[in-house]
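Have a look at the structure below, then the notes.
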Amino acid sequence: MTQDQIDIKTPEYVAIQFRMAGLGSRAAAYMIDRVLLLLVNIIIIVVLFFVYDGMDSLPFFLRDSSVPIAIAVIGLFIINWGYFFFFEFFSGGKTLGKRMVGIRVIQDNGHSITLLSSFIRNLVRMIDSLPTAYFLGIILIFFHPKHKRLGDLVAGTIVVHERKAKKKNKPSPIEKEINLRGLNKNDLHLDEWTVGSFKEKDWKLVSTYANRFLQIPQEDRNELTKQIADLLLPKLGLEVIGKSEIELENILLGLYFILKDEWEFEL
């Protein structure tokens, strides 16, 4: 199956476009994770071997006991299951394998994966691995229109590709101007949902403004800045009144800097 685009509408009524991760990329990430876990398992088994080799030095009630084996088995289960649960929740939906491949888990509503959804998703992983070699999970991912395994269906999650910004060898004149002004993406403190509220028409408006910025006379630039600020600043929760022309210019150029990565990414 091909990796299709999907538009996810958040509870804030913001539509965000993602590219779904298919069987190939998910399998590659899983194989990387399994290799890493295999190395950890081998280390634990080797340590257990040395523990049994030195049983004579242990207290009498642990000699010839199966307690070390039981502890090792429980530890291996916690590590092999907890690895996916821990990384997907605490690392933005990305295990080490997913991070290397460039995919991550999110909720169906576009939000980051929650503790509960991560727990459910990875608990059901044991069923997805049946009857052997992850057979059920592979079949579901291959045939489901959104490439979901059973764990994703139950937990309400989806695996998507990370967005990659286009690379440019040489900065444009407006980018040089932005750099000269010392503007950066953190100046406006925008979250993902605020950025997602800007539609294509907003991007075209601010993009046209930025591309013409250095070409129009100062007086005309001030008028254009005021008109565009009246349209776009309310979406940022900012007031136009009380701000100087240079402040409005910096806000609009900073917004261009942010939206450029949002709208100019490689598919």
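What the table shows:
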quantity: In degrees, nearest ten, helix 23-53 long axis to first principal axis of the chain (Cα); calculated: 40
quantity: Relative packing of 19-30, 122-133, which averages over residues the other C-beta atoms within 10 Å, highest first; calculated: 19-30, 122-133
quantity: Principal semi-axes in Å for the stretch 195-267 [√(5λ), Cα gyration tensor, largest first]; calculated: 20, 15, 9
quantity: Rg/Rg_ref, the stretch 120-161, where Rg_ref = 2.2 N^0.38 Å and atoms are Cα; calculated: 1.04
quantity: Max mean-square fluctuation residue, GNM over the chain, Cα-Cα springs under 10 Å, options ILE16, ILE74, ILE103; calculated: ILE74
quantity: Per residue solvent-accessible surface (Å²) - the chain, probe of 1.4 Å; calculated: 58
quantity: Largest-first ellipsoid semi-axes for the stretch 146-267, taking √(5λ) over the Cα gyration tensor eigenvalues, angstrom; calculated: 33, 18, 12
quantity: Accessible surface of the chain, 1.4 Å probe, proportion on carbon and sulfur as whole %; calculated: 64
quantity: Surface/4 estimate of mean projected area, convex hull on alpha-carbon atoms of the stretch 83-122, nm²; calculated: 2.5
quantity: Most to least packed among 257-263, 218-224, 92-98 [average Cβ atoms within 10 Å]; calculated: 92-98, 257-263, 218-224
quantity: Viscosity 1.002 mPa s, temperature 20 °C, Stokes-Einstein D of the chain from Kirkwood C-alpha radius, µm²/s; calculated: 96
quantity: Restraint check, LYS204/LYS243; LYS146/LYS170; LYS176/LYS199; LYS98/LYS146; LYS98/LYS235; LYS148/LYS260, Cα-Cα greater than 29 Å; calculated: LYS146/LYS170; LYS98/LYS235; LYS148/LYS260
quantity: Contact order normalised by residue count of the chain, Cα under 8 Å, 6+ apart, percent; calculated: 19
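The values are calculated or read from the model by the stated rules, or taken from the named source; none is laboratory data. Computed from a prediction, not measured in an experiment: that's the story for all the values here. Cβ coordinates were reconstructed from backbone atoms using ideal geometry, including for glycine residues, and neighbour counts include every protein chain displayed. With ligands, DNA and RNA removed, areas are computed over all heavy atoms of the protein, side chains included. Shrake-Rupley method; radii C 1.70, N 1.55, O 1.52, S 1.80 Å.
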